[in-house]
Each structure stands twice: as structure tokens, then as C-alpha cells.
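Notes follow once the structure below has been shown.
Since every read-out is calculated from the coordinates, none of them should be taken as a lab result. Remember, it's a predicted structure, so these values are computed and weren't measured experimentally. Here Cβ is always computed from backbone atoms with ideal geometry, including for glycine, and neighbour counts include all displayed protein chains.
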Amino acid sequence: MITSHIDAVLIVTGVFTASVLVLFFLPSRVLRQIIGDDPGAVSIGLLRHWGLLLFCVGALLVYAAFHPAVRAPAVVLASVEKLGFAVCVFGTMLRQRPIVSLMAAADLAMVLLYALYLVGA
């Protein structure tokens, strides 16, 4: 069933993932809204890089929606990234931050969708 709708799934989850590009442009403001803390200079650099990296993963997912030959590798890459984020959140004190936990839970839901696609593909 998921295989017949994977293009829509990839577009929606890709856009959601790519939206983290806002971290590249507004790292301090976003971090303040997410965890209520101001980042230092090193954190700002890392947040900008993370935002750019997630934008690239999201763009790859959207690209994969229109190019079936790259779907499986794109989905595997996104799954590793999203699973890694969820482990980093739920395995640390970050899990006490509601917005961060919600983001990690959303990533886990995406990983589940991707796994269903890979098993069915």
C-alpha cells in the first residue's frame, strides 16, 4: 500500500525535513524557541551546518519522489539520519524538551513509513 503513495510520502516528509533550513538563517531564534536557551558561537556554527545538511536530505527525498532509481538509497540515508537524531534525543536529557521530543517522534514515524516502503518495494 505505501509503495503506491511513496511519491507523496517523500514529497511531504522531504519538505518537512528541508524546512529545517531555517536553522541556517536563524539559529539563535530557533534554538531559543525549541529549548529556551541561547547558543554560543560554536553552537551557532553547528546549528547552521545541521540546518543545511537536513535541507539537503529533504531535497534528496523530494528529488527521489520524481526519480525512482534513487528512492531506495535516499530513503536509507534519510532513515539513518532520522533514527540517529531520535536516538540522540531519547537517549539523553533532550527527551525532557517537549518540542525536541516531538521532532524526534516525527522522525521515528518517518522512519517507520520508509521501512514499510523498503520492505514492500
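Quick notes
- If you go through the range 74-105 and keep only what is in a loop (DSSP other than H, G, I, E, B) and of a type in the set (Ser, Thr, Tyr), you end up with just THR92.
- Residue in the range 20-30 that is free of Cβ contacts under 8 Å to residues at least 40 places away in the same chain and touching a Pro at 6+ places or on another chain (Cβ under 7 Å) present: yes
- In the range 1-19, the residues that are free of Cβ contacts under 8 Å to residues at least 60 places away in the same chain and assigned to a helix (DSSP H, G or I) never reach a residue that is of a type in the set (Asp, Glu) and surrounded by 13 or more Cβ atoms within 10 Å (Cβ to Cβ) with C-beta atoms less than 7 angstrom apart, at least six apart or across chains.
- Residue within the range 71-84 that is in contact (Cβ under 8 Å) with a residue 60 or more places away in the chain, over 15 Å from MET110 (Cα atoms), surrounded by 14 or more Cβ atoms within 10 Å (Cβ to Cβ) and over 14 Å from the mean Cα position of the chain (by Cα) present: no
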